[in-house]
Amino acid sequence: MRALYWDGHDLSLQSSYPTPIQESKIVRATGGRPARADQQPALIKVHLAGVCSTDLQIFRGYMGFRGVPGHEFVGSVDEGPENLRGKRVVGEINFGCSECEHCGRGLARHCANRKVMGILGVDGAFAESVSVPVANLHLVSDNVSDEEAVFTEPLAAAFEILEQVQVDLGDEVLVLGDGKLGNLCAHVLKLTGANVTALGKHEEKLKLIKQSGGRTMLLNDWKPKLYDVVVEATGSESGLKLAMSAVRPRGTLVLKSTIAGEHHVSLAPLVINEVTVIGSRCGVFAPALEALEEKRMSVTPLIEKVYPLAEGIEAVAHAAKQGSRKILLRP
Ligand SMILES: [Zn+2]
Ligand SMILES: [Zn+2]
């Protein structure tokens with residue numbers, strides 16, 4: 001099959017990359033112990049895959065990953081359980097061991113032995129096909145387009161905030177960063193009825209939030225003000241400092257950026273102001289899919305361009321450009 005392959009130095013388009021083989025076939029060939037039914041992989045034909053900032057970080061050495069990148073996808077089941085065959089699906093990206101304490105509590109995304117699609121130890125979706133455990137798959141309903149469904153993973157990461165923090169009607173919420181993640185966070189937080197302000201550097205990107213009824217502010221116009229909840233989604237050290245200065249005493253600071261690197265900030269203000277700091281990463285897919293089904297938000301304006309997989313190298317270069325919105329690959 002065709003796939004984009006990262007060898008640790010270069011990203012290349014491979015025309016005859018091995019198609020993932022169904023584990024049942026490997027087991028039959030080797031006589032090994034079959035995996036539990038829900039841990040068995042299904043073979044997914046990829047319809048669309050999204051390029052994410054994490055992918056761009058992988059190309060800078062993040063996680064030391066080698067293989068096919070890509071963890072945001074929508075596709076249809078080619079091989080797998082009969083009830084899923086031919087169905088459109090999205091897939092949670094953390095493949096847990098299914099045996100440890102975290103997996104037992106439904107927290108495969110914190111399993112110490114996990115593999116993460118296109119990020120850690122297992123190939124991802126920048127390819128014609130990808131292998132995903134059946135347990136990780138979610139059906140996509142007919143009224144959700146591929147272009148919407150491909151946002152499920154980043155949208156789930158935004159919904160994770162609501163799993164962790166109680167945000168109420170009328171709360172003053174500040175989202176720092178008008179990138180793709182900041183944008184999705186602002187949209188999701190608005191669903192709570194909170195007063196959401198998005199602060200960013202790009203008028204164009206803030207416009208998407210404004211159009212959906214959020215307040216927006218350019219960084220140049222920032223005047224110090226205190227918020228109940230501040231979400232840091234800029235990925236920069238200056239963003240973290242500003243975020244810390246904008247949380248009210250006893251407020252909540254949510255850290256969404258997973259930028260590799262070190263921050264040099266004084267933690268004293270967090271102690272003095274008794275701020276609750278919450279790290280927030282991936283979320284479960286159900287609330288995100290539900291929001292897309294119920295048309296509670298529109299994500300497609302975030303799409304900048306769809307590239308064929310054959311132009312994957314150009315697509316990644318485009319995604320790396322400052323200020324670009326979501327770049328998609330169509331195998
Ligand atoms: Zn991502
Ligand atoms: Zn586990």
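The values are calculated or read from the model by the stated rules, or taken from the named source; none is laboratory data. None of the values given here were measured: they were computed from a predicted structure. Here Cβ is always computed from backbone atoms with ideal geometry, including for glycine, and neighbour counts include all displayed protein chains. These area figures cover heavy atoms from the full protein model, side chains too; ligands, DNA and RNA do not enter into them. Shrake-Rupley method; radii C 1.70, N 1.55, O 1.52, S 1.80 Å.
Residues that are in contact (Cβ under 8 Å) with a residue 40 or more places away in the chain and within 20 Å of Glu160 (Cα to Cα) within the range 110-126 comprise Val116, Met117, Ile119, listed in sequence order.
When the range 193-207 is filtered for residues that are of a type outside the set (Ser, Thr, Tyr) and either under 23 Å from Gly251 (Cα atoms) or open to solvent by less than 30 Å² (accessible area, probe 1.4 Å) (or both), the ones remaining, listed by number, are Gly193, Ala194, Asn195, Val196, Ala198, Leu199, Gly200, Lys205, Leu206. Just a yes or no: is a residue in the range 60-80 within 16 Å of ligand 2 (Cβ to nearest atom) and either open to solvent by less than 40 Å² (accessible area, probe 1.4 Å) or among the acidic types (Asp, Glu) (or both)? No - not one qualifying residue is present in the range 60-80. Could you check the range 89-107 and list, in sequence order, the residues that are away from ligand 1 (no atom under 16 Å from the Cβ), out of contact with any Cys (no Cβ under 8 Å at 6 or more places or on another chain), at pLDDT below 95 and hydrophobic (A, V, I, L, M, F, W, C)? Correct list: Leu107 only. Selection of the range 156-192 for residues being open to solvent by 20 Å² or more (accessible area, probe 1.4 Å), outside any helix (DSSP H, G or I), touching a Gly at 6+ places or on another chain (Cβ under 8 Å) and closer than 28 Å to Val90 by Cα yields only Gly179.
Candidates in the range 95-118 are the residues that are assigned to a strand (DSSP E or B) and buried (at least 23 other Cβ atoms within 10 Å of the Cβ); of these, the one that is nearest to ligand 2 (Cβ to nearest atom) is Phe95.
Yes or no: the range 300-315 includes at least one residue that is surrounded by 17 or more Cβ atoms within 10 Å (Cβ to Cβ) and assigned to a loop (DSSP other than H, G, I, E, B). So far as the range 300-315 goes, no, none of its residues is surrounded by 17 or more Cβ atoms within 10 Å (Cβ to Cβ) and assigned to a loop (DSSP other than H, G, I, E, B). Residues that are assigned to a loop (DSSP other than H, G, I, E, B) and among the polar types (S, T, N, Q) were ranked within the range 119-149; the one that is farthest from ligand 1 (Cβ to nearest atom) is Asn143.
Within the range 248-277, which residues are more than 13 Å from Ala158 (Cα to Cα) and under 25 Å from the mean Cα position of the chain (by Cα)? The answer is Thr252, Leu253, Thr258, Ile259, Ala260, Gly261, Glu262, His263, Thr276, Val277.
Every listed requirement among (1) over 25 Å from Leu270 (Cα atoms); (2) in contact with a helix residue (DSSP H, G or I) (Cβ under 7 Å, 6 or more places away or on another chain) is met by His202 save one, (2). Look at the range 226-242 and say how many of its residues are surrounded by fewer than 16 Cβ atoms within 10 Å (Cβ to Cβ), assigned to a loop (DSSP other than H, G, I, E, B) and small (Gly, Ala, Ser). Within the range 226-242, residues that are surrounded by fewer than 16 Cβ atoms within 10 Å (Cβ to Cβ), assigned to a loop (DSSP other than H, G, I, E, B) and small (Gly, Ala, Ser) number 1.
Just a yes or no: is a residue in the range 280-297 open to solvent by 60 Å² or more (accessible area, probe 1.4 Å) and among the small types (Gly, Ala, Ser)?
Checking the range 280-297: not a single residue is open to solvent by 60 Å² or more (accessible area, probe 1.4 Å) and among the small types (Gly, Ala, Ser).
The residues of the range 49-73 that are within 15 Å of Leu329 (Cα to Cα), within 14 Å of ligand 1 (Cβ to nearest atom) and of a type outside the set (Gly, Ala, Ser), listed by number, are Val51, Cys52, Asp55, Leu56, Pro69, His71, Glu72, Phe73. Got a number for residues in the range 38-59 being open to solvent by 20 Å² or more (accessible area, probe 1.4 Å), closer than 22 Å to Gly323 by Cβ and at pLDDT 95 or above? Qualifying residue count, the range 38-59: 0.
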